[in-house]
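**Q** After the structure tokens below, expect a handful of questions from me.
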Amino acid sequence: MTTLSLMATRTWSRLPRRHVPVLATLVLLLVLYGVGVSQYRAFSNVQVVFNVFIDNGFLLVVAVGMTFVILTGGIDLSVGSVVAMTAMVSAFLLREGLPAALVLLTALLIGPTLGFLMGCVIHFFDIQPFIVTLAGMFLARGMCTFISGSSIPITDGFWTRMSQERIGDPSGNFVSISVLVAFVVVAVAAYTLAYTRLGRNVYAIGGNPQSALLMGLPVGRTRIAVYTISGLCAAIGGILLSFYTLSGAPLIAVGMELDVIAAVVIGGTVLTGGSGYVFGTVLGVLVLGVIQTLITFDGSLNSWWTKIVIGGLLFAFILLQRLIGIRYK
Amino acid sequence: MTGSHPVLTMTGISKSFPGVRALDNVAFRLFPGEVHALMGENGAGKSTLIKVLTGVYGTDEGTVTLGGEQVSFTGPMQATAAGVSTVYQEVNLCTNLSVAENIFIGREPRRLGAVRWSEMRRRARSLLARLDLDIDVNAQLGSYSLAVQQMVAIARAIDIEARVLVLDEPTSSLDAGEVAQLFRVMRQLRDDGIAILFVTHFLDQVYGIADRITVLRNGQLVGEYATSELPQLGLVEKMIGKELRVLERLDEHPRHDPADRAEGTPLLDARELGRRSAVAPFSLTIHEGEVVGLAGLLGSGRTEVARLLFGADRADHGSVRVHGSPTSLRTPVAAIARGIGFCSENRRAEGVIAELSVRENIILALQAARGWLRPVPRRRQDELVERYVRALSIRPADPDIPVGNLSGGNQQKVLLARWLITEPRLLILDEPTRGIDIGAKTEIQRLVAQLSDGGMAVLFVSAELEEVLRLSHRIAVMRDREMVTQLTNDESVDADRIMQSIAAGAGQEGMPS
Amino acid sequence: MSNRKAGYRALTTHRLFWPVAVLVVMLAANTVYRPGFLSVQMRDGHLYGSLIDILRLSAPLILVALGMTLVIATGGIDLSVGSLCAISGAIACLHISRQPDQNDLGGVLTALALGLGVALVLGAWNGVLVAVIGIQPIIATLILMVAGRGLAQLITEGQILTINSGPYKAIGVGHLLTLPLAIFLALAAATVVAVVTRRTALGLMIESVGGNARASRLAGIRSGRITFLVYVISAACAAVAGFMMTANVSSADGNAAGLWVELDAILAVVIGGTSLAGGRFSLSGTILGALLIQTLTTTVYAMNISPQTSLLFKAVVVIAVCLIQAPGFRARFARRRAPAAAPAPVSEQPKEQVPA
């Protein structure tokens, strides 16, 4: 009897269920790329792939931060506004004539500070992350328009150099500095999640917060940390965005949090926490990027199809997670 | 085991909560290399004692000595660090992590801050080998059965150099084979010199593994016994308490001749009804106007039987007939449509809706049966609510205050009223008198007798034998998730007879040789 | 004296004390800043004034928040209402724009029916995801929140669809009995929702499911149906709000119509005293919450601060309201005050005896 039931459960364990969503995303990405290559000759150009990274580097960084939050079972609605605020503050301070290094440091501090404060409110007062980060979103967006009602251009030398620097191979294909920064962020995040106590605690809390507490893990500290990390990633994303657009605009990145959440979920991270990988998030962002590229190449399709397709994919992946038995609490 | 000093001594432990003295001058000893069963019914103080030991609660009085030194833990973490590890009934691990990680998280082997996965797996494998468990330490914990998860929890507990291992009802959801596997591990650990405090509701398991038994009742120590010297019947008597039997009978309610009741087509006829890992298949008939008592110790499957008959849990075995016609009680809605009502033992979580008013709570089931489009007219609501608030003397008699503000006994009466206004043919009451004051208790008992006189059938689940004996026409006895016998409640039946059944099953004399 | 004290306590602990207090303070501040704030004038047979404006502008938010109240009372949340506003508005405008005579009442009514119909179907989609498939509400409605924007733009083909229809425009800016029609519409919707929930047993069922889902199941409530229904009602409310928003500007913008209204609606519900955990709900509280948010926006606007910056104030209000309502915050606050309050005679309700 015992051996029987043990056997039955063990066959299940051979199926790497937690890997299924990521594999599905990988297959989807390859299929999308295959469709692109078969339909449009220019799609096979390596630069097309590089452009996906260049156009979505900042999104990738923000999505990595969101992955931490979602893995604990939380959510961070403030990221889009924090991205905009960081770009706005940078542009404003540069216009005021502050040195680039100081501006960079200041801009990079604001996001994590806000994240830290939101994490504290969530943990100490036990208020839903959804509401707290919603307030954070209002606050950051309000700060943007408080600084300036209109777009501020950036003319600083460091910023323009970062914006124009191309790192490429002899055949003319290139990536921007932002892509490299994004790769570094991805690598650090993947290492943190897999090899540090903080990372493992993130998974444990997402899996079962009560158990995590009873096992003696620092639940509160970890929870505050993930919102701080998300804030830091949003700040880095904001800097990258300001490299990309060379300006700070009060209404940029509106609704970006939705794209970010969609990318993380399509990348196989379960919205209730405890299961997912940074690598999946990279794939999720690439799927969004390739869809956008496909729609651009097509010409007859319009940009709103992106949202419809993202919504459809969200549905498909949530259903997939449900079908393969990943538990929703 | 003999001759050595106890690793753990608790003396003169007292602990009070507002209105309740949960522990009163309780003593407890635990020797290295023994399995010690802590026994007692609901409210006996077992869980309070364990929580005091593991530092979840502080004590009001008394001392705890561990390994010769007086200790006072302020939290589970501190207790764990001192060598007292606990494994709870609900496995408190993270099913989304790997087996190895569940054992080591928070204490992972690291080099320069990086988790050493291969070292962690190696150590997990050797630790599990010590428990004679051969599983893939890399697999997700959730892919294994509860028994394996339980064992992983034990592995985590003993890796922290545990001297005392507290197993709080680890077996409640395991099947026989899994229990055997767990016992093998427990014996192994005992032979290694670890002291094991074991809480279970299964008498067979106590006699299968425990060396000694400590019995608590109503927050007081009944005694400490060697298992070999305490027969099962003696244990049951000590748990339930003899003095209950000398309580005066409810003499104004003469027991009916059961023969009148058990004639004709039964109101409810369950055949071989069962649910895997909840209760073994049982057959039970209930006639109109009959009170069937369900007796048994805590965790014996009483509640499970009640839930199956109401459709609160779905049966995976057997069939049910209501008034002779086959039917399926798959959901509460289906059961209610066939005239069955159910008061859960878990009043707060499954009974009242605390923030709604007394009135709303009372009309809820009737309203649910009518559907939301046909509200019970306000005048009829007032009439019904007023009648039952008066009939059951619900206090305070204001129907518009939130039911959460009422005392436990009055909440129970509100639940009874909720079902009575639906005029059920069968009312299932699971522990309706637990945790309420003596006055309300008598009132509810009297009410059950009246209802039965009026023709309603009642399935009365209770841990108190005297109450069951007083009210029931027939008594079904549960033991270790099985219905072991059904007795017609005539002169030959008394508490002793039922205790014997509980202790040893049907037809046996309650004396293990 | 103790009587007065008790009365004061009862007042300040009343569910709607703080929202009302904030609203009064804001109105007072406005009056100080602009003495003409409270005055209402009659012009061309219509009433005009800041108060009337606040009422008119808050109508769409009230509508959306009414539906949201029911969803939140069941313990759920509906993020898709903003997108639904955009879709229903876009469908109505599209249908009208294709009419030969845009002022034809029949055509406008068909357009409204179409928009409402599609919204009901989408609400049913949400309801099925939550009640039948069992997906967390926040996740299930996120799908339509994202995809719905795309659908709205698909309907308008990415353009801002401008129409010129008298009857349709009236929904947003028309007048009835000297007052804006929108106020009556919001009032009518509130009455309908109140009647549907309080004159039938729907409200009781919703509060029961949100208050204690397990107990409700054992009492025989078919919670799936109730849950499904509230998402459909929420979608219907959003549709009417969508008509109002598009009628206000006589055009449908798939991108901007109803943007962030779901957040404002959730905020209004929370300010109105309905807990995000579900259970007891208060429709009047929600309406008060919506009015408070609109007054805040109008105030900020009137003080010549950029409308976007009103988000800053909104953030402060969200934090303040949530903190006041959060048990965690109250507990900390109470603990700090406890020693000072200790000498006062304690007349707490008798605690239930719970055997440990």
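**Q** Just to be sure, is residue A:245 more than 14 Å from chain B (Cβ to nearest Cβ), in contact (Cβ under 8 Å) with a residue 60 or more places away in the chain and under 18 Å from the mean Cα position of the chain (by Cα)?
**A** Numbers: more than 14 Å from chain B (Cβ to nearest Cβ): yes; in contact (Cβ under 8 Å) with a residue 60 or more places away in the chain: yes; under 18 Å from the mean Cα position of the chain (by Cα): no.
Judged against the criteria, residue A:245 is not a match.
**Q** Do we find that residue A:264 is surrounded by fewer than 21 Cβ atoms within 10 Å (Cβ to Cβ) and either in a helix (DSSP H, G or I) or within 12 Å of chain C (Cβ to nearest Cβ) (or both) in this structure? Show your work before the answer.
**A** Working: surrounded by fewer than 21 Cβ atoms within 10 Å (Cβ to Cβ): no; either in a helix (DSSP H, G or I) or within 12 Å of chain C (Cβ to nearest Cβ) (or both): yes.
Considered against the rule, which asks whether it is surrounded by fewer than 21 Cβ atoms within 10 Å (Cβ to Cβ) and either in a helix (DSSP H, G or I) or within 12 Å of chain C (Cβ to nearest Cβ) (or both), residue A:264 comes out as no.
**Q** Does residue B:499 fit the bill of being in a helix (DSSP H, G or I), surrounded by 24 or more Cβ atoms within 10 Å (Cβ to Cβ) and not small (Gly, Ala, Ser)?
**A** yes
**Q** Find the helices (runs of 4 or more DSSP H) located wholly in segment C:15-111 whose residues include 2 or more that are closer than 20 Å to residue C:142 by Cα, and list them. Outline the logic, then answer.
**A** Numbers: elements: C:17-33, C:50-73, C:81-97.
The qualifying helices (runs of 4 or more DSSP H) are C:50-73, C:81-97.
**Q** Taking residue C:215 as the residue in question, decide whether it is surrounded by 24 or more Cβ atoms within 10 Å (Cβ to Cβ), without any contact (Cβ under 8 Å) to a residue 24 or more places away in the chain and either within 14 Å of chain B (Cβ to nearest Cβ) or not in a loop (DSSP other than H, G, I, E, B) (or both). Break it down into steps so the answer makes sense when it comes.
**A** On the way: surrounded by 24 or more Cβ atoms within 10 Å (Cβ to Cβ): yes; without any contact (Cβ under 8 Å) to a residue 24 or more places away in the chain: yes; either within 14 Å of chain B (Cβ to nearest Cβ) or not in a loop (DSSP other than H, G, I, E, B) (or both): yes.
For residue C:215, the condition - surrounded by 24 or more Cβ atoms within 10 Å (Cβ to Cβ), without any contact (Cβ under 8 Å) to a residue 24 or more places away in the chain and either within 14 Å of chain B (Cβ to nearest Cβ) or not in a loop (DSSP other than H, G, I, E, B) (or both) - is met.
**Q** Also, I was wondering about something else. So, in segment A:188-219, how many residues would count as being surrounded by fewer than 16 Cβ atoms within 10 Å (Cβ to Cβ) and away from chain B (no Cβ under 14 Å)?
**A** Residues in segment A:188-219 being surrounded by fewer than 16 Cβ atoms within 10 Å (Cβ to Cβ) and away from chain B (no Cβ under 14 Å): 0 in total.
Each row is one residue, and each column tells you yes or no for (1) within 14 Å of chain A (Cβ to nearest Cβ); (2) touching a Pro at 6+ places or on another chain (Cβ under 7 Å); (3) in a helix (DSSP H, G or I); (4) free of Cβ contacts under 8 Å to residues at least 12 places away in the same chain.
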site	(1), (2), (3), (4)
B:50	yes, no, yes, no
B:56	yes, yes, no, no
B:64	no, no, no, no
B:70	no, no, no, yes
B:73	yes, no, no, no
B:80	yes, no, yes, no
B:89	yes, yes, no, no
B:92	yes, no, no, no
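**Q** To continue, here is another question. Only one of C:210, C:224, C:203, C:242 is more than 10 Å from every other protein chain (Cβ to nearest Cβ) and over 30 Å from residue C:154 (Cβ atoms). Can you tell me which?
**A** On the way: C:210 fails: more than 10 Å from every other protein chain (Cβ to nearest Cβ); C:203 fails: more than 10 Å from every other protein chain (Cβ to nearest Cβ); C:242 fails: over 30 Å from residue C:154 (Cβ atoms).
Checking each option against the conditions leaves just C:224.
**Q** Report, by residue number, each residue of segment C:244-257 that is more than 24 Å from residue A:254 (Cα to Cα) and either crowded, with 20+ Cβ neighbours inside 10 Å or free of Cβ contacts under 8 Å to residues at least 12 places away in the same chain (or both). Spell out how you get there, then give the answer.
**A** Taking segment C:244-257 and keeping what is more than 24 Å from residue A:254 (Cα to Cα), we get C:247, C:250.
Hit for segment C:244-257 is C:247, nothing else.
**Q** Can you find a residue that is within 14 Å of chain B (Cβ to nearest Cβ) and of a type in the set (A, V, I, L, M) anywhere in segment A:14-21?
**A** Let us first name the residues in segment A:14-21 that are within 14 Å of chain B (Cβ to nearest Cβ), namely A:14-21.
Right, trim to of a type in the set (A, V, I, L, M) and you get A:15, A:20.
Yes, segment A:14-21 has at least one match.
**Q** Going by the structure shown, is residue B:168 of a type in the set (Asp, Glu) and more than 20 Å from residue B:211 (Cα to Cα)? Steps first, answer last, please.
**A** Working: of a type in the set (Asp, Glu): yes; more than 20 Å from residue B:211 (Cα to Cα): no.
Criteria not met by residue B:168.
**Q** I'd like to verify a number: residues in segment B:94-112 that are crowded, with 17+ Cβ neighbours inside 10 Å and more than 8 Å from chain A (Cβ to nearest Cβ), how many?
**A** Result for segment B:94-112: 6.
**Q** For segment A:106-126, does any single residue satisfy the condition of being part of a strand (DSSP E or B) and surrounded by 18 or more Cβ atoms within 10 Å (Cβ to Cβ)?
**A** Here is the first cut: in segment A:106-126, the residues part of a strand (DSSP E or B) are none.
No, the conditions are met nowhere in segment A:106-126.
**Q** Suppose the filter is at positive phi, in the same structural domain as residue B:497 (by TED's automatic domain parsing) and not aliphatic (A, V, I, L, M); does residue B:464 pass it?
**A** On the way: at positive phi: no; in the same structural domain as residue B:497 (by TED's automatic domain parsing): yes; not aliphatic (A, V, I, L, M): yes.
Considered against the rule, which asks whether it is at positive phi, in the same structural domain as residue B:497 (by TED's automatic domain parsing) and not aliphatic (A, V, I, L, M), residue B:464 comes out as no.
**Q** Okay, moving on. What number of residues within segment B:131-148 satisfy the criterion of being more than 9 Å from every other protein chain (Cβ to nearest Cβ), assigned to a loop (DSSP other than H, G, I, E, B) and within 17 Å of residue B:87 (Cα to Cα)?
**A** Looking only at that region, the number is 1.
**Q** Can you find a residue in segment C:135-158 that is away from chain A (no Cβ under 14 Å), without any contact (Cβ under 8 Å) to a residue 24 or more places away in the chain and touching a helix residue (DSSP H, G or I) at 6+ places or on another chain (Cβ under 7 Å)? Show your work before the answer.
**A** Going through segment C:135-158, the residues away from chain A (no Cβ under 14 Å) turn out to be none.
For segment C:135-158, residues away from chain A (no Cβ under 14 Å), without any contact (Cβ under 8 Å) to a residue 24 or more places away in the chain and touching a helix residue (DSSP H, G or I) at 6+ places or on another chain (Cβ under 7 Å): absent.
**Q** With segment A:141-253 as the region, which helices (runs of 4 or more DSSP H) entirely inside it contain at least 2 residues that are among the aliphatic types (A, V, I, L, M) and farther than 30 Å from residue A:95 by Cβ?
**A** In segment A:141-253, A:177-195, A:197-207, A:209-214, A:219-245 are the helices (runs of 4 or more DSSP H) which contain 2 or more residues that are among the aliphatic types (A, V, I, L, M) and farther than 30 Å from residue A:95 by Cβ.
**Q** If you don't mind, there's one more thing I want to ask. I'd like to check something: does segment A:247-260 contain any residue that is among the polar types (S, T, N, Q) and within 27 Å of residue B:143 (Cβ to Cβ)?
**A** First, pick out the residues of segment A:247-260 that are among the polar types (S, T, N, Q): A:247.
Remaining after also requiring within 27 Å of residue B:143 (Cβ to Cβ): none.
Scanning segment A:247-260 turns up no residue that is among the polar types (S, T, N, Q) and within 27 Å of residue B:143 (Cβ to Cβ).
**Q** Continuing with the same structure: Answer with yes or no whether residue C:184 is touching a residue at least 40 places away in the same chain (Cβ under 8 Å) and aromatic (Phe, Trp, Tyr). If you could, list the steps in order and put the result at the bottom.
**A** Values: touching a residue at least 40 places away in the same chain (Cβ under 8 Å): no; aromatic (Phe, Trp, Tyr): yes.
No; evaluated as a whole, the condition is false for this residue.
**Q** Residue A:161 versus (1) away from every other protein chain (no Cβ under 14 Å); (2) surrounded by fewer than 24 Cβ atoms within 10 Å (Cβ to Cβ); (3) touching a residue at least 40 places away in the same chain (Cβ under 8 Å): which is the lone unmet condition?
**A** (3)
**Q** If we scan segment A:146-158, do we find a residue that is under 30 Å from residue B:87 (Cβ atoms), free of Cβ contacts under 8 Å to residues at least 12 places away in the same chain and surrounded by fewer than 22 Cβ atoms within 10 Å (Cβ to Cβ)?
**A** For segment A:146-158, residues under 30 Å from residue B:87 (Cβ atoms), free of Cβ contacts under 8 Å to residues at least 12 places away in the same chain and surrounded by fewer than 22 Cβ atoms within 10 Å (Cβ to Cβ): absent.
**Q** Give the residues of segment B:18-48 that are within 11 Å of chain C (Cβ to nearest Cβ), touching a residue at least 24 places away in the same chain (Cβ under 8 Å) and small (Gly, Ala, Ser), sorted by residue number.
**A** Result: B:22, B:43, B:44, B:45, B:47.
**Q** Looking at A:127, A:122, can you tell me which residue is in contact (Cβ under 8 Å) with a residue 40 or more places away in the chain, of a type in the set (Val, Ile, Thr) and under 26 Å from residue C:78 (Cα atoms)? It would help to see each step written out before you state the result.
**A** Values: A:127 fails: in contact (Cβ under 8 Å) with a residue 40 or more places away in the chain.
Exactly one of A:127, A:122 is in contact (Cβ under 8 Å) with a residue 40 or more places away in the chain, of a type in the set (Val, Ile, Thr) and under 26 Å from residue C:78 (Cα atoms), namely A:122.
**Q** Select, from B:86, B:74, B:80, B:54, the only residue that is surrounded by fewer than 19 Cβ atoms within 10 Å (Cβ to Cβ) and either under 15 Å from residue B:158 (Cα atoms) or polar (S, T, N, Q) (or both). Give the steps one after another, and end with the answer.
**A** Values: B:86 fails: surrounded by fewer than 19 Cβ atoms within 10 Å (Cβ to Cβ); B:80 fails: surrounded by fewer than 19 Cβ atoms within 10 Å (Cβ to Cβ); B:54 fails: surrounded by fewer than 19 Cβ atoms within 10 Å (Cβ to Cβ).
On inspection, the qualifying residue turns out to be B:74.
**Q** If residue C:317 meets every condition in (1) at negative phi; (2) at pLDDT 85 or above; (3) facing another protein chain (nearest Cβ under 10 Å) apart from one, which number is that one?
**A** (2)
**Q** Tell me which residues, restricted to segment B:284-312, are in contact with a strand residue (DSSP E or B) (Cβ under 6 Å, 6 or more places away or on another chain) and free of Cβ contacts under 8 Å to residues at least 40 places away in the same chain.
**A** Across segment B:284-312, the qualifying residues are B:285, B:308.
**Q** Could you grab me the full set of residues in segment A:103-112 that are out of contact with any helix residue (DSSP H, G or I) (no Cβ under 7 Å at 6 or more places or on another chain) and polar (S, T, N, Q)?
**A** None; the set is empty.
**Q** Next up: Select from segment A:273-329 the residues that are polar (S, T, N, Q) and touching a helix residue (DSSP H, G or I) at 6+ places or on another chain (Cβ under 7 Å) and write down the one among them that is farthest from residue A:25 (Cα to Cα). Spell out how you get there, then give the answer.
**A** Of all residues in segment A:273-329, those polar (S, T, N, Q) come to A:275, A:281, A:292-293, A:296, A:300, A:302-303, A:306, A:321.
Pick out the ones that are also touching a helix residue (DSSP H, G or I) at 6+ places or on another chain (Cβ under 7 Å) and you get A:275, A:281, A:292-293, A:303, A:306, A:321.
Working: A:275: 15, A:281: 10, A:292: 16, A:293: 17, A:303: 22, A:306: 17, A:321: 12 Å.
So, considering only residues that are polar (S, T, N, Q) and touching a helix residue (DSSP H, G or I) at 6+ places or on another chain (Cβ under 7 Å), the one farthest from residue A:25 (Cα to Cα) is A:303.
The values are calculated or read from the model by the stated rules, or taken from the named source; none is laboratory data. Not measured: the values here are computed from a predicted model. With ideal geometry, Cβ positions are generated from the backbone for all residues, glycine too; neighbour counts draw on all protein chains shown.
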